[in-house]
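See below for the structure under consideration.
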Amino acid sequence: MPSTAPKGGDRQPSGMRLWAPRHWPAWLVVGLFAALARLPFPLLWLLGHGLGRVGYLVLPGRRRVARTNLRVCLPELSTWRREALVRQHFGWLGVAAVSQGIAWHGSPRRLRRLVRFRDEAEITGLLREGRGVIMLTPHFVGLDLAGTAFTERVHPGLYMYQRIRSPVIDAAVQHGRTRFGSVPVERRDDLRGVIRRIRKGAPFYYLPDQDPGRQRGIFVPFCGVAAATVPMLGRMARLADAPVIPTFASFLPWGRGVEMRFGPALENFPSGDDAVDTARMNQVIEAALHATPAQYFWVHRRFKTRPEGEAPLYAPSRRRRRRRAAAGSAG
């Protein structure tokens, strides 16, 4: 499969520059993940939950973001129950972190053993017929490992990608996600090439549920709150003439692996109205997060962009507070 990786890829640091001393801590992290990948998955599950407990204690900013998101999205739960979900969520984040090495380096045999598919008949049938699909894949913590298994076992396809600040970790993640032939697509890429590939029978791993900002998003309800959301799913489905398959990845308890579950293709979609289609997409995500609340990506500032006149939901980040302090001292 020829690559449609962004031309901006040549901005990646060269191999020699990646070995500069400032990148050595990132190399240690990558090496640690590679070593952890050799451990039995139940042991990784235990280590991950231990790491998550540490993260809960030492990352107060992310802890507050998760609490705010749960208060907004699951107001029917008691404060005690929401706090328990925050703790559980950090545990699952730890499991996702320590299992990264398997996504990057795990053998096809191990991926097949760890990742099981559920209700995959419709999507595999469409792909066998040469029909491209859009996999609506919300940010649940098991999506990296499950997505890698899908590219190895079913079809390499294409996936949404956002660069990571550390070029070393970015290179490791890109290696893991592309080693079976998958093609990364950044949000700023020309989507005409993506549409052509979907029309030719490729699946597109579409991650829709992060705050895109005011310029690229529209406000539609998410858990009853106006949330800036990219209105692309309906347009892409219409242009590519592709069914949309909701796809969810979740870790199984006690280190039993990962389950990738496929819902039925959305009916009467797209409608032709971007706002209606985007709101429906959010409804699909809402139903999934209610089913597996501890594993949804709660530490993202999903409601960072607010409608005009609406108060912010999150406290300013440490970086923003430092900027404000510097600006005040400069003034």
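Let me know the Kirkwood hydrodynamic radius for segment 179-267, please, with Cα pairs as the basis and the value in Å to one decimal.
15.4 Å
If you count only protein heavy atoms and use a 1.4 Å probe, how large is the accessible surface of HIS290, to the nearest 10 Å²?
90 Å²
Using amide H atoms built in the peptide plane, which far-off residues or other-chain residues are under 5 Å from PHE140 H to H?
The answer is ALA249.
Enumerate the amide H contacts of VAL258 below 5 Å, restricted to partners 5 or more residues apart or on another chain; note that Pro and chain-start residues carry no placed amide H.
Correct list: VAL115, ARG116, LEU252.
Determine Rg/Rh for segment 221-319; Rg is computed over alpha-carbon atoms and Rh is the Kirkwood hydrodynamic estimate from the same atoms.
Answer for segment 221-319: 1.02.
Taking the radius of gyration and the Kirkwood hydrodynamic radius from Cα positions alone, what is the Rg/Rh ratio for the chain, to two decimal places?
The Rg/Rh ratio comes out at 0.95.
Pop out the ³J(HN,Hα) list for segment 225-234 in order, Karplus 6.51 cos²θ - 1.76 cosθ + 1.60 with θ = phi - 60°, rounded to Hz; leave Gly and Pro as x.
10, 4, 10, 5, 9, 5, x, 9, 4, x
Could you tell me the center-to-center distance, by alpha carbons, between segment 55-85 and segment 267-287 in angstrom?
27 Å
Output the Cα-based Rg and Dmax of segment 168-228 in Å, rounding Rg to one decimal and Dmax to a whole number.
Rg then Dmax for segment 168-228, in Å: 15.0, 40.
For segment 63-136, how big is Rg over Rh, using alpha carbon atoms and the Kirkwood form of Rh?
Rounded to two decimals, Rg over Rh is 1.15.
Given DSSP loops and a limit of at most 12 other Cβ atoms within 10 Å, what is the longest stretch of the chain that contains no such trypsin sites (Lys or Arg not before Pro)?
201-331
Just to be sure I understand: of the beta bridges DSSP finds with both ends in the chain, what percent are antiparallel, rounded to 5?
40 percent
Along segment 47-62, what does the Karplus equation 6.51 cos²θ - 1.76 cosθ + 1.60 (θ = phi - 60°) give for ³J(HN,Hα), rounded to whole Hz, x for Gly and Pro?
Each residue's phi maps through the Karplus curve to give 4, x, 5, x, 4, x, 5, 5, x, 4, 7, 9, 10, x, x, 5 Hz.
Ignoring ligands and nucleic acids, what accessible area does ILE218 show with a 1.4 Å probe (Å², nearest 10)?
50 Å²
For the chain, with a Gaussian network of springs between Cα atoms less than 10 Å apart, report the residue from GLN162, GLN174, GLN295 with the top mean-square fluctuation.
So, out of GLN162, GLN174, GLN295, the one fluctuating most is GLN162.
Where the centroid of each part is defined by its Cα atoms, how far is segment 204-247 from segment 109-154 in Å?
When both Cα centres are located, 20 Å separates them.
With θ taken as phi - 60° and the coefficients 6.51, -1.76 and 1.60, list the Karplus ³J(HN,Hα) couplings across segment 92-99 in order, rounded to whole Hz; mark glycine and proline as x.
Those phi angles translate into 5, 4, x, 4, 4, 5, 6, 8 Hz.
Could you give the longest part of the chain that holds none of the GluC sites (Glu not before Pro) found in DSSP loops with at most 10 neighbouring Cβ atoms within 10 Å?
130-266
Does segment 60-183 classify as rounded, prolate or oblate by the C-alpha gyration tensor (a ≥ b ≥ c root eigenvalues; a/c under 1.5 gives rounded; else a/b over b/c gives prolate, otherwise oblate)?
It is prolate, given that a/c is not under 1.5 and a/b is the larger ratio.
Just from its helices, what would the mean residue ellipticity at 222 nm be for the chain, if runs of 4 or more DSSP H residues each count -39500 (n - 2.57) and the sum is divided by every residue, rounded to the nearest 500 deg cm²/dmol?
-15000 deg cm²/dmol
Considering the chain as a Gaussian network with a 10 Å cut-off on Cα pairs, which listed residue, TRP24, TRP92, TRP104, attains the greatest mean-square fluctuation?
TRP24
The values are calculated or read from the model by the stated rules, or taken from the named source; none is laboratory data. These numbers come from a predicted model, not from an experiment. In this analysis, Cβ positions are derived from the backbone assuming ideal geometry, glycine residues included, and neighbour counts consider all displayed protein chains. To get the accessible areas, we keep the full protein, side chains included, count just its heavy atoms, and leave off ligands, DNA and RNA. Shrake-Rupley method; radii C 1.70, N 1.55, O 1.52, S 1.80 Å.
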